[in-house]
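Data block below; observations after.
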Amino acid sequence: MSRITKITSLIILLIALFSSIEGYSQSKDKKPAVSKREAARRGLRKRDSLMRSLTRSDTSLNSLLQRLEQYTTSFNQIKNTLSEGLDTADISQQLPPVIKRLDKIAKVTNTHKASTLRYLFVLRDNIDRAQDNLDEWQTELDSVNTRLVQNQKDLIKFSKDSSLKIVPFDSVVRKTFFAQLKVVYLLWHKTDSVNRAALLKVNLLQDKASIAYAKALDENDLIDAKIKGFATKAFSGETTFIWLPDAQYNDLDSALKSTIRLNNVLLNYFVKNETVTDLLGLLFLILIFSWIVYTRTKALKNNQDTEKLFNEANYICKRPIISSLLIVTVIVPYFYNHPPTVLLEAFFLLSMVFALILIKKDIPKSSFNFLIILFALAVGYCISNLFIEISNADRYFILGLSILSIATAYTFYKKYKRSPDEHFPNTGVALQIFIALEVLSLVLNISGRFSLAKIAGVTAVFNLWLVVTLFLVIRIIIQGLYLQFQIKRSPNNIINWIDYNLVQKQFKKTLILFGSLLWVFFLLQNLNIDDWAADNLHDIFIQKQAVGDSSFTVGGFIIFILVIWLSSIVSKVISYFFDISSQRGTDLSVLKRKNRTSTLIIRIGVFSAGFLLAVAASGFPIDKLTIIISAFGVGIGFGLQNIVNNLVSGLIMAFEKPINIGDVIEVDGHMGTMKEIGIRSSKVVTGDGSEVIIPNGDFISHQVVNWTLSNSNRQIDLRIITAYGVDIAKVKDLLNNLLINRDDIMTTPAPAVLLNNVSESAIEFKVLFWVADIGKTGEIKSKILAEIYHAIDTGGIQLPSTQKDVKLYLPEGSTLGGQLSGAEDVSKKTTKTKAKENPPDQGQ
């Protein structure tokens with residue numbers, strides 16, 4: 001213990017010693033006091049340092065406050081967006097009924113109610129509509145979810161911003177900063193809570209929609225499998241022969257109630273969700289009705305021959321309202337996407353009623369009676385087609401309809417054979433197909449294949465009626481087009497220049513094509529194979545086919561052909577409207593003729609653009625196209641020089657325009673009017689009506705006379721020969737008086753009468769004048785010659801005579817009587833000889 005005390009005391013002593021030495025040394029080495037100048041400098045530097053420090057502190061505070069202001073603005077925007085709603089209210093309301101409907105479909109899919117093909121298609125249509133809605137909702141929810149996720153990322157940035165954790169040194173600044181930070185933090189916390197709740201809600205909706213969509217896909221696959229199985233079952237037979245009814249199908253009351261209930265639900269659901277399509281159908285009705293009423297009123301008002309109008313447009317003139325309604329009821333059902341059967345049949349029955357009213361007085365009574373019976377059959381098939389369950393009563397009902405259809409159609413067919421000209425075109429073929437389908441329906445029904453029997457019977461009646469209604473619709477549209485051309489317009493209106501017969505022919509072909517496509521679509525729909533046909537055609541179109549090293553698709557090839565066809569139609573339409581004025585005679589100005597000549601450039605441009613568009617649309621590889629073009633170039637070098645020469649010559653004519661459509665030209669001995677400038681050759685119409693086809697290369701390499709290049713003026717040169725000794729001044733005055741003050745002769749250049757030649761027996765005058773229209777040259781020349789002849793005749797001006805005076809010198813001692821016969825022969829010979837030497841004047 002004493003030892004520790006000694007050591008401690010020694011350490012304390014040493015520390016005290018070293019401390020005194022250090023203090024002594026400091027006092028010894030103390031710096032001298034600074035001067036006042038140096039002290040002032042040090043104080044200045046210290047104050048500058050303090051000011052710089054304070055400046056840096058203010059700048060840092062401003063940066064922090066600006067960042068807080070940015071966060072405040074961003075959070076307010078998010079808050080305002082969330083307060084407006086997420087556009088998911090409709091989805092939240094509509095999604096539960098769809099899920100409920102899918103659950104109900106899943107329950108009944110495996111029950112006996114799904115034993116008919118009709119019911120399976122109803123269920124699949126419902127699932128297809130649910131899938132469309134779910135697909136659309138999923139897209140909307142994904143968009144909303146993306147916005148909410150972005151909001152959450154922006155909110156997370158605030159909580160992880162390290163710059164906001166810096167505390168200002170100054171107490172006043174620190175207080176301001178923390179006050180602002182507290183406000184932003186409260187706003188962030190509230191916005192973050194709302195955004196997280198909205199994100200959770202959207203995620204839950206997305207989960208429900210995804211589950212419902214997966215269920216819809218599963219149910220759709222299950223129903224497709226049952227439809228395929230049903231096809232096998234339908235061909236093998238659902239029941240036994242018709243005289244051995246199955247007891248499980250005796251409940252007609254249950255089948256009727258379920259049918260009414262299901263169709264009522266489908267119709268109500270469809271009406272609520274197809275408002276836009278309904279409005280489009282109403283607008284279509286207004287447009288058709290307005291067009292028909294307008295053309296009918298104007299045509300009847302401006303045309304005195306009303307009897308002809310009623311004969312050519314009897315449907316529109318007699319029943320415009322019924323005509324409009326018929327067009328609408330036939331066309332509008334195709335506006336809808338998978339409409340329920342009850343709606344389709346309602347439109348179909350209305351179109352039948354309108355058709356019967358429209359043709360009641362225009363067809364033979366036997367035809368009208370057959371259509372009345374056919375309408376009754378259609379009503380019966382419509383009712384049976386709505387049933388979703390098989391029943392024995394429905395089977396007997398279809399059997400009776402088949403027998404009645406066959407008997408009625410066969411009776412009418414015998415009447416048709418006696419007078420086929422009194423009925424619609426192709427009535428015999430339609431009746432034969434109708435009878436064949438009804439016989440097939442009868443056989444299938446008897447043998448126990450009821451579903452196929454109903455399909456055949458419905459197809460027979462519905463498609464026969466559709467032929468009638470489509471025929472009437474085409475007739476109504478053509479009649480409306482006819483009335484459109486009967487409306488009087490200004491002379492310069494382009495419709496007055498269009499050939500109605502040509503337009504009617506082409507337009508009718510187009511309408512027949514569209515009508516045929518609609519009929520085929522309706523046929524596939526009635527046969528319940530429209531979806532199957534669409535799927536198979538889609539597979540055929542997209543499947544690649546290989547030819548050598550190249551591959552293509554049937555769909556791409558069809559698109560290529562369609563685009564080329566459409567470009568040719570556009571080219572023809574443009575060419576027609578450019579050349580349409582040629583049918584108005586020769587009243588074309590030079591500018592108009594040049595514009596019409598530009599048709600070739602436009603046609604080539606349209607074809608080129610159509611070809612490139614067709615290649616792009618068909619997916620044809622561009623590298624293969626270059627190979628084809630290269631091969632085409634080699635072909636040009638070997639054997640297509642003349643074709644290319646004519647093509648290039650046509651382009652030169654189109655750009656330089658040395659010859660225009662409507663010009664009167666002369667080339668290689670052919671004189672006529674240029675009618676058409678084509679890609680390879682051109683057409684010239686001669687005066688005798690023949691059309692001469694001349695290669696375009698001849699117009700560039702040969703000498704061409706263009707009588708109407710700058711204008712249509714033409715000089716006429718007439719030669720008038722009078723007898724020797726006439727009064728020249730009198731003749732000139734007479735001819736000048738005939739040429740002045742005339743409307744058919746141009747005053748500039750002025751007409752002229754010149755003395756052209758003087759011979760021993762005649763005086764020749766040259767009459768020169770100009771006409772404005774070269775096409776009237778022959779007519780005016782003939783008219784002027786007739787007036788000149790009349791003036792010369794009445795003015796007493798002598799024309800040169802072709803008679804010759806013959807003097808006979810008889811020998812001395814000869815008598816006239818002895819030489820008379822010989823002299824007469826000599827006189828005749830001399831006269832004939834002189835006449836040959838001086839032929840009579842032809843009036844030139």
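The values are calculated or read from the model by the stated rules, or taken from the named source; none is laboratory data. Quick caveat: nothing in here was measured; it's all calculated off a predicted structure. Cβ placement follows ideal geometry from the backbone for every residue including glycine, while neighbour counts extend to all protein chains displayed. All accessible areas refer to the heavy atoms of the entire protein, side chains included, with ligands and DNA or RNA removed. Shrake-Rupley method; radii C 1.70, N 1.55, O 1.52, S 1.80 Å.
The table that follows gives values for the structure above.
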quantity	calculated
Qualifying residue in the range 681-688 (condition: under 39 Å from the mean Cα position of the chain (by Cα) and among the aliphatic types (A, V, I, L, M))	yes
One residue from Val458, Val429 being open to solvent by 30 Å² or more (accessible area, probe 1.4 Å) and at pLDDT 85 or above	Val429
Sole residue being outside any loop (DSSP other than H, G, I, E, B), small (Gly, Ala, Ser) and either out of contact with any Lys or Arg (no Cβ under 6 Å at 6 or more places or on another chain) or modelled with pLDDT of 70 or more (or both), chosen from Gly610, Gly662	Gly610
Residue match in the range 735-757 (condition: within 26 Å of Thr686 (Cβ to Cβ), open to solvent by less than 70 Å² (accessible area, probe 1.4 Å) and in a helix (DSSP H, G or I))	no
Residue within the range 719-727 that is surrounded by 13 or more Cβ atoms within 10 Å (Cβ to Cβ), outside any helix (DSSP H, G or I) and of a type in the set (Gly, Ala, Ser) present	yes
Number of the exception - Ala209 against (1) part of a helix (DSSP H, G or I); (2) touching a helix residue (DSSP H, G or I) at 6+ places or on another chain (Cβ under 9 Å); (3) within 30 Å of Glu345 (Cβ to Cβ)	(3)
Search result, residues across the range 354-389 that are closer than 28 Å to Pro420 by Cα and either touching a Pro at 6+ places or on another chain (Cβ under 9 Å) or not in a helix (DSSP H, G or I) (or both)	Lys360, Lys361, Asp362, Ile363, Pro364
Within the range 390-416, tally of residues that are open to solvent by less than 50 Å² (accessible area, probe 1.4 Å) and either assigned to a helix (DSSP H, G or I) or not aliphatic (A, V, I, L, M) (or both)	17
All positions within the range 758-771 that are assigned to a strand (DSSP E or B) and surrounded by fewer than 13 Cβ atoms within 10 Å (Cβ to Cβ)	Val758
Subset of the range 82-127 (residues that are modelled with pLDDT of 70 or more, over 41 Å from the mean Cα position of the chain (by Cα) and under 17 Å from Asn220 (Cβ atoms))	Asp103, Lys104, Ala106, Lys107
Ser384 vs. criteria more than 25 Å from Ile322 (Cβ to Cβ) and at pLDDT 90 or above	no
Scan of the range 797-812 for residues that are modelled with pLDDT under 80 and either under 15 Å from Ile720 (Cα atoms) or surrounded by 11 or more Cβ atoms within 10 Å (Cβ to Cβ) (or both), ordered by number	Gln798, Leu799, Pro800, Ser801, Thr802, Lys804, Val806, Leu808, Leu810
Options Phe310, Phe284, Phe270; residue that is open to solvent by 60 Å² or more (accessible area, probe 1.4 Å), of a type in the set (A, V, I, L, M, F, W, C) and touching a helix residue (DSSP H, G or I) at 6+ places or on another chain (Cβ under 8 Å)	Phe310
Set Leu442, Leu437: member being in contact (Cβ under 8 Å) with a residue 24 or more places away in the chain and under 23 Å from Tyr396 (Cα atoms)	Leu442
Residues of the range 140-180 satisfying the condition of being under 19 Å from Glu69 (Cβ atoms), at pLDDT below 75, assigned to a helix (DSSP H, G or I) and among the aliphatic types (A, V, I, L, M)	Leu164, Val173
Flag for Ser366 being of a type in the set (Ser, Thr, Tyr), in contact with a helix residue (DSSP H, G or I) (Cβ under 9 Å, 6 or more places away or on another chain) and surrounded by 18 or more Cβ atoms within 10 Å (Cβ to Cβ)	no
